[in-house]
Every structure is written in C-alpha cells, then in structure tokens.
1. Hey, got the average number of other protein chain Cβ atoms within 10 angstrom for residues in B:24-31?
2. Which whole number gives the average count of other chain Cβ atoms within 10 Å of the Cβ atoms across peptide B:94-100?
3. Taking the Cα centre of each part, how many Å lie between the range A:42-81 and the range B:1-75?
4. In whole Hz, what ³J(HN,Hα) sequence does the range A:73-85 give by Karplus (6.51, -1.76, 1.60; θ = phi - 60°), x for Gly and Pro?
5. Just want to confirm a number: the relative contact order over the range B:9-116, from Cα pairs under 8 angstrom separated by 6+ residues, in percent.
6. For a quick protection proxy, order the peptides A:16-22, A:119-125, A:140-146 by their average other-Cβ count within 10 Å, most packed first.
7. Return the long-range amide H neighbours of B:Val13 (sequence gap of 5 or more, or a different chain), with a cut-off of under 5 Å between placed amide H atoms.
8. Looking at the range B:19-94, which trypsin sites (Lys or Arg not before Pro) are DSSP coil and have at most 12 other C-beta atoms within 10 Å of their C-beta?
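Since every read-out is calculated from the coordinates, none of them should be taken as a lab result. What you are looking at is a predicted structure, and each value in this text was computed from that prediction instead of being measured. Using ideal geometry, Cβ is built from the backbone for each residue, glycine included, and neighbour counts are taken over all protein chains shown.
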Amino acid sequence: MTFQIGRQTWADTPSCDLSFAASPTNVRFALILVGDFLERRGLAAARDDVALALGEALNNIEEHAYADRSGGPVVLRVASQGARVMIDITDYGAALPDKKLPAAMMPELDNVALNDLPEGGFGWALIGAISESISYERRDNENRLAFSIAS
Amino acid sequence: MNLTLNTEGPVDVVTVEEDRIDAAVAVDFKDAFRSLTTDRKGAVVLDLNRVAFLDSSGLGSVVAVQKLLGEGRPLELAGLQPAVAKVMQLTRMHTVFSIHPTLSAALAAHGSAPAA
C-alpha cells in the first residue's frame, strides 16, 4: 500500500478518506489533498490551521510511532461538520509515552543561548494551540488520535 | 532544495524558491543553506516570500541554520506569508528572529536598496 484515496473523496461528501504509508512525501501529499477537500467544502479559512496541526500529527507518526519501520500504514479521515473540521487518524505503530497525550508546552525560548535554542518539540504544542478538542486512545496495537479545528 | 544567494550591499539574501519547508525537505534546506553561506560574512536575510507552508521540522531547520551562521551573523526573515507568520507567533520564534514584512524592508533596515 502506498497511497489510497477513498472513492467518495472527490464527490460532494462530507469526508475525505485517505490511507497511506507513512513517509514525509506522503504526508505532504495528504496535506495537499486535504486542503483541496476543505476548499471544496467551503472551509478554505481552516486550511492553514488544518495543514499545520495535521502535518505535525502525521509527522509524529512517521518519526516516532513508526520509528522502527518505514512506511507503516496511516488511516486518515477528515470530515466537515458545519464550520468545524473533524480529524481522525489511526496508526499501528508504537504507543505514545505512558499511552497518553504529551503535555502541550511550547519549548522555552527566553534567556536561551543561541546554541541551546530548540530545533524541535513544537509539534504537540502546535496541535494543542490550534485544535478545539483533542483525544487519544491506545487500543490493542492501534493509536487513535482525534481533534477538531474551527474554521 | 532550491535556494538562491544574492548579495545586496552588506547583506546576503538567501531566497527560498519553493513553496514548502516541511519534514520532507528540512534536511535538504539545511544542507543547501550551509553550502551557500559558508566562508562568507555579515547578516543573512532569508526571503520566505514564496513559502506558503512551514511546519515544525522546517522551523527547526531555520533555527539550525542560524546556529550554523553563529552569533556574529544574524539570520533575519522577510516576506512571511500568513501561515508562516502564525507558526512563528505560536512558537514565539518571532522573539528570536528579526522579521521584516518584505525583502525591501529588510534591505532598507540595512541601508541597502534592492537591485532593480
């Protein structure tokens, strides 16, 4: 499996269903397809926020959940519900630490020397800052992350 | 990763000629930036006018190239599109980098007018 686009995605349906092998280029492709979907649903105003939060979530899966194997499967559903975008992501990689959402704290920048500036650790904080609600569930060998974003 | 280098008076301008700096190209961005700017001096303005999408990996690579330049060579950012400006605000990286609305404004701040 490399990249599958749900049959209904192009029709005027309220959801965009994608499944793909986790890789940086497939993440990029998924974000572009989701952006097109949001535009067709009249939710272009949410496109930048969704791309940012969804990109962080998908990159986390690629880098961490599937750290020990490349190209693990990701199942993504993006649905519109009024002016709200609902995002559901399933992967079959490693669980989040302690099987719960990490703290969504932005890394500290004040009084930090140039060479100590953080080059990462922004992902969950960005998702938290952008999304209205977020939930994570580990069930059997499956990670299920859901969050919503207002347009 | 397609970056170009132009010298405008006292500053080097590195222009990103692509519309995304994301996890797929973050390492390439760092390598391309390094090969353009080693063995040079002075401030560097990074022109992001074409960049519509910057994720946290892309942001990390921007921080990394400022570290490569070192204390004596500030990296300034110019031409941020709204989605890029938002990432800078949310992460508070706008407190770390000087940010100019446009490349012309960045050059004017260095007393240099852009080439026609």
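1. Partner-chain Cβ atoms within 10 Å, mean over residues of B:24-31: 2.
2. 1
3. Between the Cα centres of the range A:42-81 and the range B:1-75 lies a distance of 26 Å.
4. Calculated HN-Hα couplings, in order: x, 10, 10, 10, 10, 10, 10, 9, 9, x, 8, 10, 10 Hz.
5. Relative contact order for the range B:9-116 comes out at 29 percent.
6. In decreasing order of mean packing, A:16-22, A:119-125, A:140-146 become A:16-22, A:119-125, A:140-146.
7. B:Asn6, B:Thr7, B:Glu8, B:Val45
8. Taking the range B:19-94 and a limit of 12 other Cβ atoms within 10 Å, the loop trypsin sites (Lys or Arg not before Pro) found are B:Arg40, B:Lys41.
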